[in-house]
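Right, one structure below, let's go through it.
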Amino acid sequence: MAEEATSALNLPFNTEIFSRLTQRQKLGALAAVALAIALIVAAWLWTREPPYGVLFANLTDQDAGQIVTVLQQQNIPYKYSEGGGAILVPMSQVHDVRLKLASQGLPKGGLVGFELMENQKLGLSQFAEQINYQRGLEGELARSIQTLAAVRAARVHLAIPKQTAFLRDEAKPSASVLVSLQPGRSLEATQIAGIVHLVSSSVPQLNPANVSVIDQDGNLLSQQKDPLKSLELNADQLKYVKEVENRYLKRVEAILEPLVGKGNFRAQVAAEIDFSHVDQVAETYKPNPAPETAIRSQQTSETGSGNPPAMGVPGALTNQPPVPATAPITNPQVGGTGAAAGQNANYSRSATINYELDKTIRHTRGGPGEIRRLSVAVAINHKKEVGKDGKPRPVPPTAEELQRIQALVREAVGFNEARGDSINVAAANFVPPEPEAVPELPLWKDPAALAFAREMGQYLVFALIVFLIWTKLLKPVFDMLAATAHRVEIEEKAAEEAIEAAVEEEQGPRPPTFEERLAQAREVAHKEPKLVAELIKEWMGGNNP
């Protein structure tokens, strides 16, 4: 780096010149270069700060303080989120730090569970053991409830009475659960029932009716009435109605989309579903036809003063039913009997016949979920045609097209006029949705602008640090090296000139021979060994590639 900088400034600096520096100058130059490199690297790493991830969030003050203390002891960088609700560490160290903190029992969550029973002391009273067990059970239940996504924190209070041998004085346990919900979240009725069942199942003889659940606002959740039940509605029934409507809606969409195109129609289906269970018993009576008459019972009675002989013609005439009575009551004569024949006039005969009736009993049970009425509404968009001016204009569909669409919809949904189904198809010019007007944020509030400004500020600070390092640290070092190199060059040039002058003085005007020059060089080397050594070094260095 130093050689590149000096070459940029045309400085005659190389390893030979560096070797000629004093020990103090060498150490100072190396320290300056090392410090400059360290500062540049630190500035670059600062501009490239690693991304941070959430280590823990929603901590109690006690847990947060203990975690920060451990991070400081282990020299782990950390920072807080903008709202202060979370502790952030470098993303690459999140899992490692969590495991290290978990080995130390952090975070404790402000709750103690059954680990409280692990360090029982000798001589502990039964009352203290019972209290520790109850605290551990409350903590475990609270931890289980906190696993729900909508619950931020929870506390459980158990009231477990002391057992007694008298059944009359025996009291039942009860429990209270306080849940702190996440912002904008709420618990459904099934989740509240799950919490009640969890607590009641964990404590012997705890009735679910004795479990109270309240939220952070003091609202009692465990005894809230379900609005669907208050209206005698069932969530499953509403879901079934929605499924039926969606099923018919998909049929309509499947048949209209190829005709008018996607987005050129809107359809809605409303279904009235009968969920009532109907048990009907019908009993009907019909008169028997003449050829199929059936006698259920028959009774015949006779009165008289004597034993009249059998008279008359046996057969159908003697088996006829009695004639309906008229006032005054008289007994009709039967089959050739009477005074005219010389018989006892006081003798009479009567018959009572009961006939079977045509009876029908029908049991009818209607199944729930039958469609009582179906209503379908379809809106068709106007077509777009290019006019003479080259601009598109809306053209409504014709009456024949609407009738054809209505007929197709009738067949698709299984139109039933007897149950009162209705279908309405209308044409309309759809208005395109207007884009939502998003208010422009000021430049100083725009997150993208702030992020860009923060990044550019980091780069500017880095450039300023590099400039200061060059002007205040590296440039003076290079100037000192350049001055040293210049001074060495002047000294070497003066030594060469001195040697040449000494040689010329010894030789005189006549050019010396090789032996004379060699003798003169030996004499100079004997007188000025240091100067000759420097000269030879210079020659050897100049001959190196």
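The values are calculated or read from the model by the stated rules, or taken from the named source; none is laboratory data. Small disclaimer: the values here were computed from a predicted structure and weren't measured. All Cβ positions, glycine included, derive from the backbone under ideal geometry; neighbour counts span all protein chains shown. Quick note on the areas: whole protein, heavy atoms, side chains included, nothing else; ligands and nucleic acids left out. Shrake-Rupley method; radii C 1.70, N 1.55, O 1.52, S 1.80 Å.
Of note:
- Residues satisfying the criterion are present in the stretch 96-107 (criterion: modelled with pLDDT under 85, part of a helix (DSSP H, G or I), exposed (fewer than 15 other Cβ atoms within 10 Å of the Cβ) and out of contact with any Asp or Glu (no Cβ under 9 Å at 6 or more places or on another chain)).
- Residues that are in a loop (DSSP other than H, G, I, E, B), closer than 17 Å to P161 by Cβ and open to solvent by 50 Å² or more (accessible area, probe 1.4 Å), drawn from the stretch 193-224: P204, Q205, N207
- Selection of the stretch 260-284 for residues being open to solvent by 60 Å² or more (accessible area, probe 1.4 Å), in a loop (DSSP other than H, G, I, E, B) and more than 22 Å from E243 (Cβ to Cβ) yields only K262.
- Remark: pairs (first residue in the stretch 415-429, among the basic types (K, R); second residue at pLDDT 90 or above; Cβ separation under 6 Å; 6+ apart in sequence or on different chains) = R419/R373.
- Scanning the stretch 430-472 for residues that are surrounded by 10 or more Cβ atoms within 10 Å (Cβ to Cβ), assigned to a loop (DSSP other than H, G, I, E, B) and modelled with pLDDT of 75 or more yields a total of 1.
- Test: residue in the stretch 191-201 that is over 29 Å from N132 (Cβ atoms) and among the hydrophobic types (A, V, I, L, M, F, W, C): yes
- Note on the stretch 249-271: among residues that are in contact (Cβ under 8 Å) with a residue 60 or more places away in the chain and among the basic types (K, R), the one that is farthest from L238 (Cα to Cα) is R266.
- Looking across the stretch 21-66 at every residue that is of a type in the set (V, I, T), outside any helix (DSSP H, G or I) and modelled with pLDDT under 75, the one that is most open to solvent (accessible area, probe 1.4 Å) is identified as T22.
- Among residues of the stretch 161-178, those that are open to solvent by 60 Å² or more (accessible area, probe 1.4 Å) and of a type in the set (A, V, I, L, M), counted: 3
- All positions within the stretch 389-405 that are open to solvent by 60 Å² or more (accessible area, probe 1.4 Å) and within 12 Å of L259 (Cβ to Cβ): R404
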